[in-house]
Amino acid sequence: MASDITDQGWAWVIVVGVTIINLAVLPVQQCFGLIFAERFASLGITATQTSLILHLNGTITCSLGLISGPMMKRFAFRQVAYFGSLTVVLGICAAAFAVSLPTLIITYCVIIGIGQGILFPATTLALNTYFRKKRNVAMGFSVTLTGLGPILMPLLIDVLLENFATTGTLLILAGIASHSLMGASLLKPFRKQTEQSVLIDKITNISKEENSCIDKTNVENNAIQCRLLNKRNAEEEKQPNYCPENSETEVKRNKQTSFLKKIVTNMDLDLLRDNRYIAIVLGMSVSLVAETNFNATIPFVLAELANLDRTSIATIMSIQAAADITGRLCVPLLAQKTGWTCRNLYVLSLLGSTFGRTILSTWGDTYVIVIGVALIIGLAKGTKAVFQALIIPDYVPLERLPAASGIQMVCNGILSISMGPIIGKEKF
């Protein structure tokens with residue numbers, strides 16, 4: 001890629017577009033427990049069913065990872081982002097009127113899940129396409145600005161639920177999500193304009209010069225090939241072991257082999273031979289399942305463990321989000337000075353999350369301790385949000401990034417649906 005295009009100019013507009021999309025689409029997922037708590041209680045939905053809804057959504061979102069690679073090769077990420085944004089908005093509107101477990105699964109899990117599975121790979125590829133040397137800085141800005149949402153949204157949702165109940169709140173959130181179309185409009189497809197114009201001129205000149213020669217040589221070559229083919233067929237028919245059925249069988253086998261090769265090539269399944277890549281994907285997937293469970297169940301845990309009301313829970317979530325932004329903004333700057341790698345800081349964030357959750361499970365009945373835990377977990381969550389998005393892009397080249405991210409999403413989905421609902425067997 002041309003160095004005069006990346007890391008500057010429109011690349012920073014891409015950061016703004018990705019941030020707008022995240023701020024518009026993520027509140028429903030980030031405040032899942034807060035939004036649906038009253039509706040689930042009125043419908044008698046159990047903890048296991050709540051966990052099933054949550055992780056089925058994640059599984060469907062991640063299951064689209066296998067097709068995200070071929071989709072990005074065929075369509076521009078702006079087109080993919082448009083379609084994903086519209087699907088998410090439709091799903092949120094439909095979820096507003098879902099009053100049973102099957103309808104919640106269809107709307108929240110299936111429709112919203114499909115939209116997110118289409119949308120998020122497009123934003124990731126757009127950001128990694130436009131940035132090379134300043135990728136860490138760009139990702140830090142994006143996730144930091146995205147972190148502003150969880151600070152304000154819990155308080156806003158609390159007010160909306162008080163005045164408009166769950167249905168009205170979701171419709172308003174659908175209106176907010178529609179702003180993702182504006183962010184998608186900013187995802188300008190990457191074009192190497194100077195290189196493309198030179199290449200087109202060369203191809204045009206070469207084709208003009210060679211067309212006359214090709215026309216003459218094609219006639220002669222076709223005649224020679226026909227003679228050789230007729231002679232070869234006559235010799236094969238004279239042989240006693242000649243059997244046309246064997247040749248047909250070989251043709252079928254070759255077609256099947258070529259079809260499988262196309263699948264492996266388009267989805268870049270050769271990545272599965274890389275043991276280091278597999279270890280990275282499995283580790284990040286397990287972490288994601290644990291993070292998703294905690295974020296979804298924290299309102300239920302605080303309500304029962306610390307006897308907090310909805311307003312207090314929203315305040316705690318906002319404090320955690322403020323610490324989240326602090327981690328996203330400060331830790332990358334410190335990491336740049338210390339020279340720590342993305343994987344080292346990612347592991348550090350996992351240790352911080354584990355430490356905070358352990359304190360919450362042991363001494364979580366005191367309001368002051370809950371605030372302290374929110375600060376610890378928020379810092380760890382912000383650190384992880386920055387560096388988990390950079391581990392795979394730093395490990396694989398750009399041309400293999402869509403397929404590598406797609407395989408990771410599929411692994412996330414499999415582990416989410418297999419391990420996630422385990423938390424529902426225990427009472428929140």
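The values are calculated or read from the model by the stated rules, or taken from the named source; none is laboratory data. Owing to the predicted nature of the structure, the values given are computational and were not obtained by experimental measurement. Every residue, glycine among them, receives a Cβ derived from its backbone with ideal geometry; neighbour counts consider all protein chains shown. For accessibility, only protein heavy atoms count, side chains too; no ligands or nucleic acids. Shrake-Rupley method; radii C 1.70, N 1.55, O 1.52, S 1.80 Å.
A few comments on the model shown:
- Leu43 paired with Cys330, simple spin-label distance in nm, labels 7 Å along Cα-to-beta-carbon: 4.1 nm
- Cα→Cβ-extended label distance, 7 Å offset, between Arg132 and Ile67, nm: 3.4 nm
- Environment charge of Asp309, counting only residues whose C-beta is closer than 13 Å and scoring Lys/Arg +1, Asp/Glu -1: -3
- When nucleic acids and ligands are ignored and a 1.4 Å probe is applied, Asp394 ends up with an accessible area of around 90 Å².
- For the stretch 298-393, alpha-carbon Rg relative to the globular expectation (2.2 N^0.38 Å, N residues): 1.15
- FRET efficiency, Ile106 to Phe75 (Cβ-Cβ, R0 25 Å, nearest 0.05): 0.45
- Sorting 367-375, 271-279, 330-338 by average packing, meaning the other beta carbons within 10 Å per residue, from highest down gives 367-375, 330-338, 271-279.
- Estimated distance in nm for a label pair at Asn344 and Thr362, the labels positioned 7 Å out from Cα along Cα-to-Cβ: 2.8 nm
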